[in-house]
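These notes are about the structure you will find just below.
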Amino acid sequence: MERIITYSPAYTLVPTYECFNRCSYCNFRAESGTSNWLDISDAREQLLQLKLQNVSEILVLSGEVHPFSLRRREWIDRIKQLCQLSLSLGLLPHTNVGPLSWAEMQKLKQVNVSMGLMLEQLTPKLLKTVHRHAPSKKPELRLQQLKWAGKLKIPFTTGLLLGIGETKTDCWSSLQAIANIQERWGHIQEVILQPHSPGSQQEFTAPAFGLNKLPEIIFKAREILPDSIVIQIPPNLVSQPPLLLDCLEAGARDLGGISPKDEVNPDYPHPTARALKKILEPAGWKLATRLPVYPQYYSWLSQELQQAVKQKEQTLEAI
């Protein structure tokens, strides 16, 4: 039986790098007022350059605007416009911009084939350390997002950040919380297991997560999570070929969005699909593309979004 590992050919649009959170391990954020918001015309120019490339997913990834900011509505509208622009060019949006209100999730559901939010870790002790200045990293707030996504029937991606001060017990508890939510609503497509990898901008001084421990985490996650959830690992952060293969043997089955730049980990370039195939194929794995929404969730989408997915499927099949 052929063994398949998937990835999504992706490109990232960043509405703004400005963020009211200050997570000490962050290599993405900019201070408020120091970064221009992405203009729709500039975004169009970027996306038009992708027409000749095999890209299916547009990841809309943003710093967070404070819930009570006077610019919050403008920010949500900008995100929606970027998604609409992507759809108009035959590309499929997946938005991950932090916790949203119920109304905001309803609004963005109309223009996204899937959405996401990292759970990171549920232990409240991190609110005294790496999340001390990050109000939106409250565990109950992020759990609420996962539940709301289920109630709204939004195909969803979440995940854990490893190596930020949690224990193994914390990891198992966070995974069990995801499993419980999946049993209730069944909307979680993927769980990302992302090792902390130090970057050039962060304040956090802890060393990188020990990658030799990752296969064990994956194996345990596969035991805890329902089979309906795919485990994803980022290949730019697990770059040693033997270790990458060990992670697949332990139960990982997806490599996430492969794009020109990892905006969250800009110090770690993504490998190309060709480079990954050279690692995977000799070990008996086939690298296959996927869309940012899994087939079992197509019926949850509006007719307009279903049509966009169908057209993109046909485009990929023709390549």
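Of all residues in segment 228-267, which are in a loop (DSSP other than H, G, I, E, B) and in contact with a Leu (Cβ under 6 Å, 6 or more places away or on another chain)? Listed by number, the residues that qualify are ILE233, PRO235, VAL238, GLU263. In this entry, GLN194 passes the filter for residues that are within 17 Å of the chain's Cα centre (by Cα) and under 30 Å from LEU305 (Cβ atoms).
Tallying residues that are farther than 26 Å from LEU50 by Cα and either among the polar types (S, T, N, Q) or in contact (Cβ under 8 Å) with a residue 40 or more places away in the chain (or both) within segment 99-109 yields 6.
With respect to (1) surrounded by 16 or more Cβ atoms within 10 Å (Cβ to Cβ); (2) touching a Lys or Arg at 6+ places or on another chain (Cβ under 8 Å), the lone exception for GLY284 is condition (1). Scanning segment 26-56 for residues that are of a type outside the set (D, E, K, R), over 22 Å from SER200 (Cβ atoms), touching a residue at least 24 places away in the same chain (Cβ under 8 Å) and in a loop (DSSP other than H, G, I, E, B) yields a total of 7. Report, by residue number, each residue of segment 82-107 that is in contact with a strand residue (DSSP E or B) (Cβ under 8 Å, 6 or more places away or on another chain) and part of a helix (DSSP H, G or I). The answer is LEU82, CYS83, SER86, LEU87, MET105.
In segment 142-154 there is no residue matching the filter, namely being part of a strand (DSSP E or B) and closer than 23 Å to LEU59 by Cα.
Every residue, every condition in (1) buried (at least 21 other Cβ atoms within 10 Å of the Cβ); (2) β-branched (Val, Ile, Thr); (3) modelled with pLDDT under 95; (4) closer than 30 Å to ARG274 by Cβ, yes or no:
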position: SER8; (1), (2), (3), (4): yes, no, no, yes
position: THR12; (1), (2), (3), (4): no, yes, no, yes
position: ARG22; (1), (2), (3), (4): no, no, no, no
position: ASN27; (1), (2), (3), (4): no, no, no, yes
position: LEU38; (1), (2), (3), (4): no, no, no, yes
position: SER41; (1), (2), (3), (4): no, no, no, no
position: LEU50; (1), (2), (3), (4): no, no, yes, yes
position: VAL60; (1), (2), (3), (4): yes, yes, no, yes
position: ARG73; (1), (2), (3), (4): no, no, no, no
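Out of the residues in segment 219-239 that are over 20 Å from VAL264 (Cβ atoms) and without any contact (Cβ under 8 Å) to a residue 40 or more places away in the chain, which is surrounded by the fewest Cβ atoms within 10 Å (Cβ to Cβ)? Checked segment 219-239; the qualifying residue surrounded by the fewest Cβ atoms within 10 Å (Cβ to Cβ) is ASP227. List the residue pairs whose Cβ atoms are under 6 Å apart, where the first residue sits in segment 283-304 and is closer than 22 Å to TYR11 by Cβ and of a type outside the set (Ser, Thr, Tyr), the second is at pLDDT 95 or above and in a helix (DSSP H, G or I), and the two are 6 or more positions apart or on different chains. What qualifies is LEU287/LEU276; LEU287/LYS277; LEU287/LEU280.
One residue stands out among those in segment 57-76 that are in contact (Cβ under 8 Å) with a residue 12 or more places away in the chain and of a type outside the set (A, V, I, L, M): the one that is farthest from LEU291 (Cα to Cα), which is SER69. In segment 79-96, the residues that are more than 13 Å from LEU48 (Cα to Cα) form Cβ pairs under 6 Å with partners that are among the hydroxyl-bearing types (Ser, Thr, Tyr) and in a helix (DSSP H, G or I), at six or more places apart or across chains, as follows: PRO93/SER86.
Evaluate segment 73-80: report whether one residue or more is touching an Asp or Glu at 6+ places or on another chain (Cβ under 9 Å) and either of a type in the set (Asp, Glu) or part of a loop (DSSP other than H, G, I, E, B) (or both). Within segment 73-80, not a single residue is touching an Asp or Glu at 6+ places or on another chain (Cβ under 9 Å) and either of a type in the set (Asp, Glu) or part of a loop (DSSP other than H, G, I, E, B) (or both).
Applying the criterion of being free of Cβ contacts under 8 Å to residues at least 60 places away in the same chain and out of contact with any helix residue (DSSP H, G or I) (no Cβ under 9 Å at 6 or more places or on another chain) to the residues of segment 168-191, the residue that is farthest from SER114 (Cα to Cα) is THR169. Note on segment 100-133: among residues that are among the aliphatic types (A, V, I, L, M) and in contact with a Phe, Trp or Tyr (Cβ under 9 Å, 6 or more places away or on another chain), the one that is surrounded by the fewest Cβ atoms within 10 Å (Cβ to Cβ) is MET105.
The set of residues from segment 143-166 being of a type in the set (Phe, Trp, Tyr) and over 14 Å from the mean Cα position of the chain (by Cα) comprises just one member, TRP148. Whenever a residue of segment 192-210 is more than 17 Å from HIS131 (Cα to Cα), it has no partner that is surrounded by 18 or more Cβ atoms within 10 Å (Cβ to Cβ) and modelled with pLDDT under 95 lying with C-beta atoms less than 7 angstrom away and at least six residues away or across chains.
The values are calculated or read from the model by the stated rules, or taken from the named source; none is laboratory data. Everything numeric in this text was worked out from a predicted model, so none of it was measured. All Cβ positions, even for glycine, are placed from backbone atoms using ideal geometry, and neighbour counts span all protein chains on display.
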